[in-house]
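Heads up: the structure comes next, in structure tokens.
The values are calculated or read from the model by the stated rules, or taken from the named source; none is laboratory data. Values in this document were obtained by computation on a predicted structure and should not be read as measured data. A quick note on method: Cβ atoms are made from the backbone with ideal geometry, for glycine too, and the neighbour counts reach across all protein chains shown.
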Amino acid sequence: MHEDEKIMKTEKHWREIFKIVIQETDIVIQVLDARNPIGTHNLMIEKFVKNARPEIEIFLVINKSDIIPKNILREWKRYYKKKGYQVFTVSARFSKGIFELEGHFRRTVLRANTNILMVGYPNTGKSSLIEALTKGKKKAGTSSSAGFTRVIQKIKLTEKIYLIDTPGVIPIDESNETEMAIKSCMVVEKLEDPLAVVEAIYSLISHSQFAEVYKVEILDDDTLDMIVDKIGKRYGRLKAGGVVNEQEVHKLIIRDWQKNKLYYYTLPPNFDPSQSSYHQKYPKSKKGE
């Protein structure tokens, strides 16, 4: 990631940006990652918006809907609706749900020069969503690297509506790099302890995924060290003397995780895993928010 690519983590940083932008904002769209909606739901931003401009409407858009089971996606939508949110589910990558989202704003926005502020964690797909909404007329830069959006961008959606894209925003009190890497908010090269992240990934997915993605034979009783060793030999991540370079394998696994090659998803609170059509190891959902 280049030095000018920013993630707004410090309070001073995002307050300086938002105190100006929020004055021109009419609607806020918070983009969540469908794999982990609660983990990528930034309540800090919502609190700031409500304190500054309580009349502003806040919508939730659950993106990447194509990579989780439909019944779980429905449960997440139901979960947030019960909390009083207006919720839309989309796949910006495949333009699914985009027509419904755009149609809602075309029907409900009556005032000219309405500004919709797009916010969310890094890598939730804000820029991809904007590109899907604008049908590529204005290319918003996209990348699988956390924090790719570099500057505030104002993009025309219709004659009345403008979208404001922002750098990814991480809550001020979120400092656990493993949790941030799991949410795709940390660039691999900047991780101090890649092994801790890989251990977390190992606890969230099944052995069969490692076998499927890396084309290696994985046994049910294989330890993480054994899996890393097999992947390293398969992909030539070796040191002098043919010893597996574990650090490079860890980084490979984390990059693939952040690119969705290793799939996972969290469950809504109180959801029964047996209702899912997927057979995999489930992470525990956090209770409430």
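A few notes on this one:
- Per-region count, the range 38-91, residues among the acidic types (Asp, Glu) and in contact with an Asp or Glu (Cβ under 6 Å, 6 or more places away or on another chain): 0
- No other residue among Lys50, Lys9, Lys19 is among the basic types (Lys, Arg), touching a strand residue (DSSP E or B) at 6+ places or on another chain (Cβ under 9 Å), at pLDDT below 85 and surrounded by fewer than 21 Cβ atoms within 10 Å (Cβ to Cβ) apart from Lys9.
- Test: residue in the range 173-185 that is more than 30 Å from Glu46 (Cα to Cα) and either surrounded by fewer than 21 Cβ atoms within 10 Å (Cβ to Cβ) or outside the structural domain of Asn245 (by TED's automatic domain parsing) (or both): no
- The strands (runs of 3 or more DSSP E) located wholly in the range 106-194 that include 1 or more residues which are charged (D, E, K, R) and modelled with pLDDT of 85 or more occupy 153-156.
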